[in-house]
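Report on one structure; see the data block that follows.
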Amino acid sequence: MKIRTFQSSDAPQVLELLRLNTPEYFSESEENDLVYYLENEIEHYFVLLVDDVILGCGGFNLSEDQQTGKISWDIFHPQSQGKGLGTALTNYRIERMKEIESIKKISVRTSQLVYPFYAKFGLELKEVVEDYWAAGFDLYRLEAAIEFVTLQ
């Protein structure tokens, strides 16, 4: 397993991962949002490879005041889920965020389908908004002070 910084040439594989997880984990309407993110909003985004094949991706952005690391766009190949790759990439990002002195808090906005995954790192549920992402895809916002976020 290898984790490296996203390159623009990785975009087709990242979009394919999204499509493989639609409609189970993502709404069809989110593909345009991901394209926009990849082209305009990336700050720290990574791909996870096994045998030189991208099986997952995810990143983080900083809040405007640079004090919150916001976990963003985690996507994994359906056949790779539940095998520790998401944990490895999340741990990698937590380590990178802890290297940035200005970050005091970590947050993630996800769905009801995935929020228990982030809770195991010590992130606490702060907000739920029904049908936020699309019909049937609720927003679950979790956060924690960076010193309370744990590696798994």
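The values are calculated or read from the model by the stated rules, or taken from the named source; none is laboratory data. In this text the structure is predicted, and so the values were computed from the model without any measurement. Glycine gets a Cβ as well: all are built from the backbone with ideal geometry, and neighbour counts include every protein chain shown. Surface areas here come from the heavy atoms of the whole protein model, side chains and all, with no ligands, DNA or RNA. Shrake-Rupley method; radii C 1.70, N 1.55, O 1.52, S 1.80 Å.
Numbers at a glance
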item	result
Charged-residue dipole, Cβ positions (Lys, Arg, Asp, Glu), the chain about Cα centre, Debye nearest 20	600
Assigned charges on the beta-carbon of Lys, Arg, Asp, Glu; the stretch 16-76 dipole about Cα centre (debye)	140
Linear extension gain, N61 paired with Q13, 0.36 nm per residue minus alpha-carbon span	15.2 nm
Residue-span extension gain [T150 to D51] - 0.36 nm each, minus C-alpha spacing	32.8 nm
Relative contact order of the chain, defined on C-alpha pairs under 8 angstrom at six or more residues apart (%)	19
Three-way shape label, the chain, alpha-carbon gyration tensor, a/c 1.5	rounded
Qualifying GluC sites (Glu not before Pro) in the stretch 78-152, DSSP loop, other Cβ atoms within 10 Å at most 10	E99, E101
Förster-model FRET efficiency, 30 Å R0, E127 and T22, C-beta, rounded to 0.05	0.80
Relative contact order, percent, the stretch 99-152 [alpha-carbon distance under 8 Å, six or more residues apart]	44
Cα-centre dipole for the stretch 97-138 with unit charges at Cβ (Lys and Arg positive, Asp and Glu negative), debye to 20	220
Environment charge of D65, counting only residues whose C-beta is closer than 15 Å and scoring Lys/Arg +1, Asp/Glu -1	-1
Neighbourhood charge, 11 Å Cβ-Cβ cut-off, centred on R93 and excluding it, Lys, Arg +1 and Asp, Glu -1	0
Percent carbon-and-sulfur accessible area, the chain, ignoring ligands, DNA and RNA, probe 1.4 Å	47
Structure-based [θ]222 nm, the chain - -39500 (n - 2.57) summed over DSSP H runs of at least 4, per residue, nearest 500	-6500 deg cm²/dmol
Alpha-carbon centroid distance for the pair the stretch 72-151 / the stretch 1-23, whole angstrom	18
Antiparallel DSSP beta bridges within the chain, percent to nearest 5	90
Surface per residue (accessible, 1.4 Å probe) for the stretch 24-152, Å²	53
Tensor-based shape of the stretch 88-140 (alpha-carbon gyration tensor, a/c under 1.5 rounded, otherwise prolate or oblate)	prolate
Proximal charge balance of S9 [Cβ under 15 Å; K/R count +1, D/E count -1]	-3
